[in-house]
Amino acid sequence: MRIFILALLACGISFAQAAEDCKPSSLNIPGSPFPCVYPDRRVAFRVAAPDAQKVQVRLGGAHDMTKGADGFWTVTIPPQVVGFHYYTLVIDGATVADPATRTFFGSGWDNSGIEIPEGSDADYYQPKDVPHGQVSQRWYYSKVTGKWRRCYVYTPPDYENAKTRYPVLYLLHGWGENEQGWHTQGHADLILDNLIAQRKARPMIIVMDNLNTAKPGEDAAIFSARWLWPQPAPSAAPPTPAGQGAAAPARRPFGLAGFTGASFTEMMLTDLIPMIERTYRVLPGRENRAMAGLSMGGMQTFMTTLSNLDKFAYIGGFSGSTGGRPGTTFDPKTSNNGVFADADAFNKKVKVLFLGIGSVEGPGAKNFSEALTKAGIHNVYFESPGTAHEWLTWRRCLNDFAPRLFKDSPTTRAAR
(Lines give C-alpha, C1' and ligand atoms only; values in the text may rest on other atoms or scores of the structure.)
Protein backbone atom coordinates (compact mmCIF):
# COMPACT_ATOMS: atom_id res chain seq x y z
CA MET A 1 0.00 0.00 0.00
CA ARG A 2 2.81 2.33 0.90
CA ILE A 3 4.51 1.66 -2.44
CA PHE A 4 1.23 2.37 -4.26
CA ILE A 5 0.82 5.72 -2.46
CA LEU A 6 4.43 6.68 -3.21
CA ALA A 7 3.84 5.82 -6.86
CA LEU A 8 0.75 8.05 -6.95
CA LEU A 9 2.69 10.89 -5.35
CA ALA A 10 5.48 10.45 -7.89
CA CYS A 11 2.95 10.60 -10.73
CA GLY A 12 1.41 13.70 -9.20
CA ILE A 13 4.80 15.40 -8.96
CA SER A 14 5.58 14.42 -12.56
CA PHE A 15 2.21 15.79 -13.75
CA ALA A 16 2.73 19.03 -11.82
CA GLN A 17 6.18 19.46 -13.36
CA ALA A 18 4.79 18.82 -16.84
CA ALA A 19 1.98 21.33 -16.25
CA GLU A 20 4.51 23.85 -14.96
CA ASP A 21 6.70 23.34 -18.02
CA CYS A 22 3.77 23.88 -20.39
CA LYS A 23 3.37 27.65 -20.66
CA PRO A 24 0.02 29.16 -21.74
CA SER A 25 0.13 30.75 -25.18
CA SER A 26 0.48 34.52 -25.10
CA LEU A 27 -2.69 34.72 -27.21
CA ASN A 28 -4.91 32.92 -24.66
CA ILE A 29 -7.84 34.63 -23.01
CA PRO A 30 -6.44 35.95 -19.67
CA GLY A 31 -6.43 33.18 -17.08
CA SER A 32 -6.84 30.33 -19.56
CA PRO A 33 -4.12 27.66 -19.05
CA PHE A 34 -4.74 25.97 -22.42
CA PRO A 35 -3.48 25.77 -25.08
CA CYS A 36 -0.01 25.66 -23.61
CA VAL A 37 3.42 25.17 -25.18
CA TYR A 38 6.18 22.91 -23.87
CA PRO A 39 9.86 23.89 -24.09
CA ASP A 40 10.25 21.47 -27.04
CA ARG A 41 7.33 23.29 -28.79
CA ARG A 42 4.79 20.48 -28.32
CA VAL A 43 1.34 21.97 -27.72
CA ALA A 44 -1.30 20.72 -25.27
CA PHE A 45 -5.00 21.47 -25.81
CA ARG A 46 -7.98 21.01 -23.48
CA VAL A 47 -11.57 21.59 -24.60
CA ALA A 48 -14.84 21.35 -22.66
CA ALA A 49 -17.39 19.46 -24.80
CA PRO A 50 -19.09 16.87 -22.53
CA ASP A 51 -21.82 15.95 -25.03
CA ALA A 52 -19.58 15.70 -28.10
CA GLN A 53 -18.80 12.40 -29.81
CA LYS A 54 -15.63 13.48 -31.65
CA VAL A 55 -13.32 16.48 -31.23
CA GLN A 56 -10.22 17.40 -33.23
CA VAL A 57 -7.65 20.18 -33.26
CA ARG A 58 -6.50 21.34 -36.68
CA LEU A 59 -3.01 22.78 -36.51
CA GLY A 60 -0.53 21.47 -39.05
CA GLY A 61 -2.97 18.62 -39.70
CA ALA A 62 -5.92 17.09 -37.83
CA HIS A 63 -5.30 15.71 -34.34
CA ASP A 64 -7.92 13.56 -32.57
CA MET A 65 -8.59 14.49 -28.97
CA THR A 66 -9.36 12.05 -26.14
CA LYS A 67 -12.36 12.50 -23.87
CA GLY A 68 -11.87 12.21 -20.12
CA ALA A 69 -14.36 11.21 -17.43
CA ASP A 70 -14.78 14.90 -16.56
CA GLY A 71 -16.06 15.70 -20.08
CA PHE A 72 -12.87 17.50 -21.13
CA TRP A 73 -11.09 16.54 -24.35
CA THR A 74 -7.29 16.66 -24.40
CA VAL A 75 -4.42 16.12 -26.80
CA THR A 76 -0.74 17.00 -27.02
CA ILE A 77 0.47 17.49 -30.58
CA PRO A 78 4.01 17.26 -32.00
CA PRO A 79 6.42 20.23 -31.93
CA GLN A 80 5.35 23.19 -34.06
CA VAL A 81 7.38 25.75 -35.97
CA VAL A 82 8.05 28.95 -34.04
CA GLY A 83 5.85 31.96 -34.71
CA PHE A 84 2.15 32.69 -35.16
CA HIS A 85 -0.31 30.04 -36.39
CA TYR A 86 -4.05 29.88 -36.98
CA TYR A 87 -5.86 26.82 -35.65
CA THR A 88 -9.42 25.54 -35.30
CA LEU A 89 -11.47 22.96 -33.42
CA VAL A 90 -13.78 20.48 -35.11
CA ILE A 91 -16.55 19.36 -32.76
CA ASP A 92 -18.85 16.70 -34.18
CA GLY A 93 -18.16 17.98 -37.68
CA ALA A 94 -18.60 21.69 -36.93
CA THR A 95 -15.51 23.86 -37.41
CA VAL A 96 -15.28 26.44 -34.63
CA ALA A 97 -12.81 28.73 -32.89
CA ASP A 98 -11.42 27.80 -29.48
CA PRO A 99 -13.13 29.98 -26.83
CA ALA A 100 -9.92 29.87 -24.77
CA THR A 101 -8.00 32.08 -27.23
CA ARG A 102 -8.23 35.36 -29.05
CA THR A 103 -9.41 35.16 -32.64
CA PHE A 104 -7.72 36.47 -35.79
CA PHE A 105 -9.21 37.01 -39.22
CA GLY A 106 -7.63 34.58 -41.67
CA SER A 107 -8.86 32.32 -44.49
CA GLY A 108 -12.00 34.41 -44.52
CA TRP A 109 -13.14 34.00 -40.92
CA ASP A 110 -12.09 34.44 -37.30
CA ASN A 111 -9.73 31.61 -36.36
CA SER A 112 -8.05 30.88 -33.06
CA GLY A 113 -4.42 31.87 -32.87
CA ILE A 114 -1.39 30.51 -31.08
CA GLU A 115 2.12 31.88 -30.73
CA ILE A 116 5.01 29.39 -30.53
CA PRO A 117 7.80 31.30 -28.76
CA GLU A 118 11.07 31.75 -30.62
CA GLY A 119 13.19 33.11 -27.78
CA SER A 120 15.49 36.07 -28.28
CA ASP A 121 14.93 36.05 -32.05
CA ALA A 122 11.47 37.53 -31.43
CA ASP A 123 12.91 40.61 -29.74
CA TYR A 124 12.31 42.90 -32.72
CA TYR A 125 8.49 42.63 -32.53
CA GLN A 126 8.11 42.72 -28.74
CA PRO A 127 6.81 45.77 -26.87
CA LYS A 128 9.69 47.64 -25.25
CA ASP A 129 10.29 50.72 -23.15
CA VAL A 130 10.70 52.96 -26.19
CA PRO A 131 8.51 55.73 -27.66
CA HIS A 132 5.45 54.18 -29.30
CA GLY A 133 3.46 55.25 -32.31
CA GLN A 134 -0.30 55.02 -32.62
CA VAL A 135 -2.52 52.78 -34.76
CA SER A 136 -5.95 54.23 -35.52
CA GLN A 137 -8.92 53.34 -37.68
CA ARG A 138 -9.77 55.65 -40.56
CA TRP A 139 -13.09 55.38 -42.37
CA TYR A 140 -13.38 56.91 -45.82
CA TYR A 141 -15.82 56.82 -48.69
CA SER A 142 -14.66 55.25 -51.95
CA LYS A 143 -16.07 56.73 -55.14
CA VAL A 144 -14.75 53.70 -57.03
CA THR A 145 -16.57 51.07 -54.95
CA GLY A 146 -19.49 53.23 -53.86
CA LYS A 147 -18.96 52.09 -50.26
CA TRP A 148 -17.40 53.19 -47.00
CA ARG A 149 -14.06 51.53 -46.34
CA ARG A 150 -11.79 51.20 -43.33
CA CYS A 151 -8.02 51.29 -43.15
CA TYR A 152 -5.63 51.19 -40.21
CA VAL A 153 -2.98 53.91 -40.01
CA TYR A 154 0.22 53.81 -37.99
CA THR A 155 1.67 57.21 -37.12
CA PRO A 156 5.20 57.24 -35.66
CA PRO A 157 6.15 58.38 -32.15
CA ASP A 158 5.78 62.13 -31.57
CA TYR A 159 3.49 62.51 -34.59
CA GLU A 160 0.93 64.27 -32.37
CA ASN A 161 3.54 66.62 -30.89
CA ALA A 162 5.57 67.42 -33.99
CA LYS A 163 4.80 69.48 -37.07
CA THR A 164 6.85 67.51 -39.54
CA ARG A 165 5.70 65.57 -42.60
CA TYR A 166 6.44 61.91 -43.15
CA PRO A 167 6.87 59.42 -46.01
CA VAL A 168 4.25 56.69 -46.35
CA LEU A 169 4.36 52.90 -46.68
CA TYR A 170 1.16 51.27 -48.00
CA LEU A 171 1.22 47.76 -46.54
CA LEU A 172 -1.13 44.96 -47.64
CA HIS A 173 -2.24 41.70 -46.03
CA GLY A 174 -2.66 38.37 -47.81
CA TRP A 175 -5.50 36.31 -49.24
CA GLY A 176 -8.35 35.65 -46.80
CA GLU A 177 -7.15 38.32 -44.34
CA ASN A 178 -8.09 41.96 -43.90
CA GLU A 179 -6.78 45.37 -42.89
CA GLN A 180 -6.27 44.24 -39.27
CA GLY A 181 -3.68 41.60 -40.18
CA TRP A 182 -0.50 43.64 -40.13
CA HIS A 183 -1.43 45.25 -36.83
CA THR A 184 -2.72 42.19 -34.94
CA GLN A 185 -0.87 39.24 -36.50
CA GLY A 186 2.13 41.08 -37.94
CA HIS A 187 2.95 43.56 -35.13
CA ALA A 188 3.92 46.15 -37.73
CA ASP A 189 3.60 48.95 -35.18
CA LEU A 190 5.96 47.31 -32.68
CA ILE A 191 8.47 46.46 -35.40
CA LEU A 192 8.58 50.10 -36.52
CA ASP A 193 8.64 51.45 -32.97
CA ASN A 194 11.73 49.38 -32.23
CA LEU A 195 13.47 50.16 -35.52
CA ILE A 196 12.85 53.89 -35.13
CA ALA A 197 14.06 53.82 -31.52
CA GLN A 198 17.30 52.19 -32.70
CA ARG A 199 17.58 54.73 -35.54
CA LYS A 200 17.53 51.89 -38.04
CA ALA A 201 14.46 53.16 -39.89
CA ARG A 202 13.10 56.55 -40.84
CA PRO A 203 9.93 57.60 -39.01
CA MET A 204 7.11 56.90 -41.43
CA ILE A 205 3.37 56.52 -41.69
CA ILE A 206 2.05 53.05 -42.51
CA VAL A 207 -1.35 52.60 -44.16
CA MET A 208 -2.90 49.13 -43.87
CA ASP A 209 -5.94 48.77 -46.13
CA ASN A 210 -8.14 45.87 -47.25
CA LEU A 211 -7.12 44.57 -50.67
CA ASN A 212 -10.55 42.96 -51.18
CA THR A 213 -12.06 45.63 -53.39
CA ALA A 214 -14.91 45.50 -55.84
CA LYS A 215 -16.92 47.95 -57.86
CA PRO A 216 -20.74 47.87 -57.66
CA GLY A 217 -21.96 44.55 -59.04
CA GLU A 218 -18.62 42.81 -58.63
CA ASP A 219 -17.95 39.96 -56.21
CA ALA A 220 -15.16 40.68 -53.73
CA ALA A 221 -15.81 37.70 -51.45
CA ILE A 222 -12.65 35.78 -52.20
CA PHE A 223 -12.56 33.90 -48.93
CA SER A 224 -12.47 30.12 -48.64
CA ALA A 225 -14.64 30.22 -45.50
CA ARG A 226 -17.77 30.41 -47.64
CA TRP A 227 -18.23 26.67 -47.19
CA LEU A 228 -18.66 27.32 -43.46
CA TRP A 229 -21.47 29.82 -43.98
CA PRO A 230 -25.14 28.91 -44.43
CA GLN A 231 -25.85 29.57 -48.09
CA PRO A 232 -29.19 30.65 -49.55
CA ALA A 233 -31.09 28.16 -51.66
CA PRO A 234 -30.46 28.76 -55.38
CA SER A 235 -33.30 30.48 -57.16
CA ALA A 236 -35.06 28.63 -59.95
CA ALA A 237 -33.60 29.35 -63.39
CA PRO A 238 -35.98 31.03 -65.85
CA PRO A 239 -37.23 28.78 -68.66
CA THR A 240 -35.17 28.80 -71.84
CA PRO A 241 -37.09 30.22 -74.82
CA ALA A 242 -37.96 27.65 -77.46
CA GLY A 243 -35.23 27.10 -80.02
CA GLN A 244 -32.48 28.66 -77.87
CA GLY A 245 -29.74 27.00 -75.91
CA ALA A 246 -29.20 27.77 -72.29
CA ALA A 247 -27.17 30.95 -71.79
CA ALA A 248 -23.87 30.60 -69.98
CA PRO A 249 -23.93 32.22 -66.52
CA ALA A 250 -22.08 35.50 -66.21
CA ARG A 251 -18.98 35.23 -64.08
CA ARG A 252 -15.81 37.08 -63.33
CA PRO A 253 -12.56 35.45 -64.40
CA PHE A 254 -10.76 33.50 -61.71
CA GLY A 255 -7.53 34.91 -60.43
CA LEU A 256 -6.23 38.00 -58.66
CA ALA A 257 -7.01 40.46 -61.44
CA GLY A 258 -10.46 39.03 -61.95
CA PHE A 259 -11.40 39.33 -58.31
CA THR A 260 -9.71 42.40 -56.93
CA GLY A 261 -6.50 43.59 -58.58
CA ALA A 262 -7.59 46.22 -61.10
CA SER A 263 -10.35 47.53 -58.84
CA PHE A 264 -7.99 47.89 -55.87
CA THR A 265 -5.42 49.78 -57.92
CA GLU A 266 -8.06 52.19 -59.19
CA MET A 267 -9.50 52.64 -55.69
CA MET A 268 -6.06 53.19 -54.18
CA LEU A 269 -5.07 55.88 -56.67
CA THR A 270 -8.49 57.55 -56.77
CA ASP A 271 -9.61 57.34 -53.13
CA LEU A 272 -7.07 56.00 -50.64
CA ILE A 273 -3.91 57.96 -51.43
CA PRO A 274 -5.72 61.30 -51.84
CA MET A 275 -7.53 60.73 -48.52
CA ILE A 276 -4.30 59.93 -46.71
CA GLU A 277 -2.55 62.97 -48.15
CA ARG A 278 -5.47 65.24 -47.19
CA THR A 279 -5.74 63.84 -43.67
CA TYR A 280 -2.16 63.27 -42.52
CA ARG A 281 1.05 65.25 -42.65
CA VAL A 282 2.53 63.42 -45.62
CA LEU A 283 5.57 64.19 -47.73
CA PRO A 284 4.34 64.27 -51.35
CA GLY A 285 5.84 62.62 -54.40
CA ARG A 286 6.87 59.15 -55.50
CA GLU A 287 10.19 59.30 -53.63
CA ASN A 288 8.20 59.42 -50.38
CA ARG A 289 5.80 56.62 -51.27
CA ALA A 290 6.36 52.86 -50.82
CA MET A 291 4.09 49.87 -51.26
CA ALA A 292 4.53 46.30 -50.05
CA GLY A 293 2.39 43.27 -49.31
CA LEU A 294 2.48 39.65 -48.29
CA SER A 295 1.36 36.75 -50.50
CA MET A 296 -1.65 37.97 -52.49
CA GLY A 297 -0.91 41.46 -51.19
CA GLY A 298 2.56 41.15 -52.69
CA MET A 299 1.09 40.29 -56.06
CA GLN A 300 -1.30 43.23 -55.71
CA THR A 301 1.66 45.45 -54.90
CA PHE A 302 3.43 44.46 -58.11
CA MET A 303 0.26 44.89 -60.16
CA THR A 304 -0.19 48.41 -58.79
CA THR A 305 3.36 49.73 -58.65
CA LEU A 306 4.81 48.33 -61.88
CA SER A 307 2.01 50.02 -63.79
CA ASN A 308 2.50 53.28 -61.90
CA LEU A 309 6.22 53.85 -61.45
CA ASP A 310 5.55 57.57 -61.57
CA LYS A 311 3.85 57.20 -58.17
CA PHE A 312 6.04 54.69 -56.25
CA ALA A 313 9.80 54.48 -55.69
CA TYR A 314 9.89 51.55 -53.25
CA ILE A 315 8.38 48.11 -53.88
CA GLY A 316 8.23 45.05 -51.63
CA GLY A 317 6.85 41.56 -52.16
CA PHE A 318 6.81 39.23 -49.15
CA SER A 319 6.06 35.71 -50.44
CA GLY A 320 4.36 37.43 -53.31
CA SER A 321 6.28 38.65 -56.34
CA THR A 322 5.69 38.42 -60.04
CA GLY A 323 8.01 36.49 -62.26
CA GLY A 324 5.51 34.93 -64.60
CA ARG A 325 3.60 31.70 -64.21
CA PRO A 326 5.38 28.65 -62.80
CA GLY A 327 7.24 26.79 -65.52
CA THR A 328 7.60 29.82 -67.79
CA THR A 329 10.88 31.56 -68.59
CA PHE A 330 11.32 35.12 -67.33
CA ASP A 331 11.87 37.51 -70.23
CA PRO A 332 12.49 41.14 -69.20
CA LYS A 333 11.33 42.37 -72.61
CA THR A 334 7.88 40.86 -72.30
CA SER A 335 7.26 40.11 -68.61
CA ASN A 336 4.97 42.57 -66.84
CA ASN A 337 4.31 44.49 -70.05
CA GLY A 338 8.01 45.05 -70.60
CA VAL A 339 8.53 47.18 -67.48
CA PHE A 340 11.93 45.48 -66.96
CA ALA A 341 13.06 45.86 -70.59
CA ASP A 342 15.13 49.00 -69.93
CA ALA A 343 17.15 48.14 -66.83
CA ASP A 344 18.79 51.56 -66.52
CA ALA A 345 15.48 53.39 -66.70
CA PHE A 346 13.91 51.03 -64.16
CA ASN A 347 16.84 51.33 -61.73
CA LYS A 348 16.67 55.12 -61.86
CA LYS A 349 13.00 55.07 -60.91
CA VAL A 350 12.86 52.26 -58.34
CA LYS A 351 15.10 52.84 -55.34
CA VAL A 352 14.32 49.48 -53.67
CA LEU A 353 12.82 46.34 -55.22
CA PHE A 354 12.55 43.84 -52.36
CA LEU A 355 11.80 40.12 -52.75
CA GLY A 356 11.28 38.29 -49.46
CA ILE A 357 10.41 34.64 -48.93
CA GLY A 358 10.54 31.84 -46.35
CA SER A 359 13.24 29.25 -46.97
CA VAL A 360 10.65 26.44 -46.87
CA GLU A 361 8.54 28.06 -49.61
CA GLY A 362 10.71 26.93 -52.48
CA PRO A 363 13.12 28.56 -54.96
CA GLY A 364 10.63 30.68 -56.95
CA ALA A 365 11.50 34.07 -55.46
CA LYS A 366 15.23 33.34 -55.53
CA ASN A 367 15.05 32.30 -59.18
CA PHE A 368 13.12 35.47 -60.00
CA SER A 369 15.68 37.59 -58.15
CA GLU A 370 18.54 35.96 -60.03
CA ALA A 371 16.75 36.44 -63.36
CA LEU A 372 16.22 40.11 -62.57
CA THR A 373 19.87 40.52 -61.59
CA LYS A 374 20.96 38.85 -64.82
CA ALA A 375 18.78 41.33 -66.71
CA GLY A 376 20.46 44.21 -64.89
CA ILE A 377 17.56 45.00 -62.54
CA HIS A 378 18.71 45.94 -59.06
CA ASN A 379 16.84 44.03 -56.36
CA VAL A 380 17.17 42.80 -52.78
CA TYR A 381 16.58 39.12 -52.03
CA PHE A 382 15.74 38.22 -48.42
CA GLU A 383 15.21 34.69 -47.15
CA SER A 384 13.69 33.92 -43.74
CA PRO A 385 15.44 30.79 -42.43
CA GLY A 386 13.27 27.82 -41.47
CA THR A 387 9.87 29.42 -42.14
CA ALA A 388 7.15 28.82 -44.70
CA HIS A 389 4.13 30.82 -45.92
CA GLU A 390 3.40 32.29 -42.50
CA TRP A 391 3.43 35.44 -40.42
CA LEU A 392 6.89 34.91 -38.97
CA THR A 393 8.28 35.07 -42.52
CA TRP A 394 6.47 38.34 -43.14
CA ARG A 395 7.41 39.92 -39.82
CA ARG A 396 11.04 39.22 -40.66
CA CYS A 397 10.55 40.64 -44.14
CA LEU A 398 9.15 43.91 -42.79
CA ASN A 399 11.96 44.13 -40.26
CA ASP A 400 14.50 43.93 -43.10
CA PHE A 401 12.52 46.01 -45.62
CA ALA A 402 11.59 49.05 -43.50
CA PRO A 403 15.19 50.18 -42.79
CA ARG A 404 15.82 50.33 -46.56
CA LEU A 405 13.06 52.87 -47.15
CA PHE A 406 13.31 56.60 -47.77
CA LYS A 407 17.04 56.87 -47.14
CA ASP A 408 17.50 59.09 -50.20
CA SER A 409 14.23 61.00 -49.91
CA PRO A 410 14.15 64.63 -48.74
CA THR A 411 14.55 65.32 -45.05
CA THR A 412 11.25 65.45 -43.22
CA ARG A 413 10.16 69.06 -43.17
CA ALA A 414 7.77 71.13 -41.13
CA ALA A 415 4.13 71.29 -42.15
CA ARG A 416 2.82 74.65 -43.18
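The values are calculated or read from the model by the stated rules, or taken from the named source; none is laboratory data. Fair warning: this is a prediction, and the values are worked out from it, not measured in the lab. Cβ placement follows ideal geometry from the backbone for every residue including glycine, while neighbour counts extend to all protein chains displayed. Ligands, DNA and RNA are excluded from the accessible area calculation, which covers all protein heavy atoms including side chains. Shrake-Rupley method; radii C 1.70, N 1.55, O 1.52, S 1.80 Å.
So here's what we get for this one:
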item	result
Whichever lysines have a C-alpha closer than 27 Å to that of Lys67, once near sequence neighbours (fewer than 8 apart) are set aside	Lys23, Lys54
Sites Glu370 and Ala262 - FRET efficiency at Förster radius 41 Å, r taken between beta-carbons, to 0.05	0.90
Average accessible surface area per residue within region 14-124, 1.4 Å rolling probe, Å²	50 Å²
Given charges at Cβ of Lys, Arg, Asp, Glu: region 24-171 dipole, positive-most of Gln80, Val55, Asn111	Asn111
Around Thr145: net Lys/Arg minus Asp/Glu count, Cβ-Cβ under 10 Å	+1
Local electrostatic count at Gly133 - Lys and Arg +1, Asp and Glu -1, tallied over other residues with Cβ under 9 Å	-3
Region 56-100 and region 119-139: distance between their alpha carbon centers, rounded to Å	30 Å
Within straight-line cross-link reach of Lys349, lysines at Cα separation under 22 Å, skipping those fewer than 8 residues along the same chain	Lys311, Lys333, Lys374, Lys407
Contour excess over end-to-end distance, with Cα ends at Gln126 and Lys333 and 0.36 nm allotted per residue	70.1 nm
Qualifying lysines (Cα of each under 20 Å from Cα of Lys215; at least 8 residues distant if same chain)	Lys143, Lys147
Accessible carbon and sulfur surface of region 62-197 relative to its total accessible area, %, 1.4 Å	51 percent
